[in-house]
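Working notes for the structure below.
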Amino acid sequence: MTEIRPTAAPAHARHGSSIGQPLTRRDGVLKVTGAARYAADNHPAGMLHAVLAVSSIARGRVTALDVDAAKAHPGVIEVMTPGNRPPLAMDPDEKSNPFMFRIDVLQNDRVRYANQPIAVVIAETLEAATEGVALLSPTYETLPARVGLDAGESFVPPAVGVGNPAQVQRGEVGAALAGSPSRVEATYETPSQYHNAMEPHAIVAAWDGDALSIDTPSQGMAMAQGRIAGLFGIPPEKIHIRSPFLGGGFGSKGLISGPQVLGILAARLVGRPVKLVLRREQMYGPVGHRAPTRQTLRIGVDGEGRMTALAHHAKTTSSSFDDFFEPAADASHTLYASPAIATSHDVVRVDTGTPLFMRAPGEATGSIALESAIDEAAWASGMDPLAFRLKNYAEVEPISGKPFSSKALRECYAEGAARFGWSGRPVAPRQMRDEAGFLVGWGMGTATFPALMFQAEARAVLRRDGTAVVETGAHDMGQGAWTALAQIAADGLGLDLDRVEFRAGSSDLPDAGIAGGSAHTATAGMAIHGAGADVIARLTDLATGDERSPLFGAGNAGVLARNGRLVRRDDGSRSESYTDILARAGLAEIEGRGRSAADPAAQSAYAMHAHGAVFAEVKVDPDLGQVRVTRLVGAFAAGRVINPRLVRSQYYGGMIWGASFALHEEAVMDRRSGRILNADLAEYHVPVNADVPSIDVVMIDEFDPHVNALGIKGVGEIGITGTGGAVANAVWHATGARVRRFPIRLHDLL
Ligand code: MOS
């Protein structure tokens, strides 16, 4: 077990490889100088501005819009309504796969949620378009909004989110609970959350005949291309998407949204390029959110602190017209070695936009409930929460019985606890105060997220001058993909990073799959590495088959690629530069291709997850109930670390969001109107610097030969899991108050 410090490469990084180097983001300077061009920074010649008019009711229909008033406003060019919207080649409510979300693009006058687009005003300026929207003065026929977890009858969905069955059982939970000497049953509620990426959804769309060029932030350009192609009835190749930088995505930019399609429709209607940017409050509806949950956990424990049963039921909401929902109970599949486990979901339809992936969908929401319940079970058993977790450590994945491909969670617990100073913790709550009289509490939670792989392709071209270009349509949401993937590209080619040009962020490059599921580095990285390996294999064939080469006869497996040279494995003094090999062969360049996909054999043999342990300290004002997180320590084992600086930053971001989950974030809905009352960054609370404590991240070195050849597990989402529970448990430990409704508020503690 070693900590990867920012100055050192991991132990398994090969000599001379850029993998493992703590490089700064290659786009950092571009971003801080304003030179990075985001979607909305593009202004093609003749571009017009489109502004959405959105519904102020949650359910009903639009009865009138004063289009004439809007069109009479100086600068307004056109108003797009269901009456004049250009036709689509398919019904936007048609759905042939789970990744095809139903969208609202003015197909009729119906309103299905507040902030649903009801018209688009297109004008010469943003100001004129905004004024035009104000002049539309919509009237409605309003039906009562169905709001919240008790809005009506719930149903058991056929599948969880986009995959697992909604109900899973192993062993007999009921009997095991009945026979357990100690039982904990508790119900937790989590709120509705909205993504609030710094960059709202935006699009600049330009048609040239039936060819479409768009600038829009996307976490999955090829999928977006396919969706738009289907909607407009044009071949995907006719659509060029540029998405070089995203100001955050968090899942909300994983699928093309209604407003983005409206931008394309507006450009078609007026025959000029159009820019459409969502206002902050318009993000609260048509582009996804995390739905609220009510989760009931039942845990049975024997006389020695061993879990006998774990039941996790989650109720959540989905929209009235689509199926996505938050698979929160799945969080109980992986971590604790209960012989009986049952997880289940039910869903109630409400008048909101359809929920969507939000950083660790299911895991984040389920984790805060599960880790709270585990804390309650430890206390009921008179045990330290870490000792209880170790007692119930899962040696194989509990739900499937499969061995883990790797699991250094024990090391995470040990190293995190040591860093935090956990061993001095009193088991009972309300035992610690600081010098100012604030109540001090320490809590912990376990973090986990699946190690996933999707499909990707990449191309590498090595030139005779010893430089290379590597291309894949990868997405950088701000996480540093452009840097980490370039490091992998250089490693695959055996070149220094400064010899490699890495191109991403455009749909005319090979498909890099989706930047989601914490799988982008593994997925795109494996394709890139494969493209480099393909180049090296061709180069090696040229050299080892040519008697003029010092490598002649070494065989393909007999050489290494390093620093722009092929080197004999058995004799490091015999080598040849890439440049010399290409020159002798009379070639200007060599092209290689790479492809990646999950290995089905490994997937069926092993459970693949990243793990971590998070420890939190809070201080609570005993008079005012104000909670401050004062320390967070996270120890994570997530396979091979490509760039420790970027990985650390991903853990920071996840952990800060976890603290926010426990203490800050909540979209408040007006129960009468179905409107969100705090659809802005002033009142939808996200942590600011003053809310973020000192955070200590420890990266546990972990080698995993099964997840993929590079051993990458992914780090984008795991940080949010574990942390919410750790903070909530620390609040209990400080105060003795077990708050089961999140976020925890001042008055819960008074
Ligand atoms: Mo993520 S919620 O898979 O972008």
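Nothing in this text is a laboratory measurement; each read-out follows from the coordinates by a stated rule. Since the model is a prediction, treat every value here as computed from it, not as a measurement. Note that we place each Cβ from the backbone using ideal geometry, even for glycine, and neighbour counts take in every protein chain shown.
Structure notes:
- The stretch 225-256 and the stretch 699-750: distance between their alpha carbon centers, rounded to Å: 32
- When each of K71/K275; K95/K275; K402/K713 is checked by Cα-Cα distance, pairs over 22 Å: K95/K275
- Residue ranges 72-80, 167-175, 84-92, 650-658 sort as 650-658, 72-80, 167-175, 84-92 when ordered by packing (mean number of other C-beta atoms within 10 Å per residue, highest first).
- Estimated from helical segments only, the mean residue ellipticity of the chain at 222 nm is -7000 deg cm²/dmol, where each DSSP H run of four or more residues counts as -39500 (n - 2.57).
- The protection proxy used here, the mean number of other Cβ atoms lying within 10 Å of each residue, ranks peptides 560-568, 399-407 as follows, highest first: 560-568, 399-407.
- Seen from N643, the other residues with C-beta closer than 12 Å to its C-beta sum to a net charge of +4, counting Lys and Arg as +1 and Asp and Glu as -1.
- Each Cα pair under 8 Å and six or more residues apart adds its sequence gap; the mean of these over the residue count of the stretch 620-750 is a relative contact order of 43 percent.
- Taking label positions 7 Å along the Cα-Cβ direction at both D68 and R672, the computed distance is 3.4 nm, reported to one decimal.
- Neighbourhood charge, 14 Å Cβ-Cβ cut-off, centred on R359 and excluding it, Lys, Arg +1 and Asp, Glu -1: -2
- ³J(HN,Hα) computed for each position of the stretch 340-350 - Karplus, 6.51 cos²θ - 1.76 cosθ + 1.60, integer Hz, glycine/proline x: 10, 9, 9, 10, 7, 9, 9, 9, 10, 8, 10
- Net charge in the neighbourhood of H195 (other residues with Cβ under 9 Å of its Cβ; Lys, Arg +1, Asp, Glu -1) is +3.
- Peptides 684-692, 362-370 ordered by average Cβ neighbours within 10 Å, highest first: 362-370, 684-692
- Extension gain, T630-M90: 0.36 nm per intervening residue step, less the Cα-Cα distance, totals 189.1 nm.
- The stretch 183-335 - share of DSSP beta bridges that are antiparallel (%, nearest 5): 85
- Cα gyration tensor, the chain - rounded (a/c under 1.5), prolate or oblate: oblate
- Euclidean distance between Cα centres, the stretch 382-410 to the stretch 267-296, Å: 40
- Here the relative contact order of the chain, from alpha carbon pairs under 8 Å that lie six or more residues apart, stands at 17 percent.
- Relative contact order (%) - the stretch 542-651, alpha-carbon pairs under 8 angstrom, separation at least six: 13
- Nitroxide proxy distance, nm - points 7 Å out along Cα→Cβ at F703 and A337: 2.5
- A186 paired with D570, simple spin-label distance in nm, labels 7 Å along Cα-to-beta-carbon: 6.5
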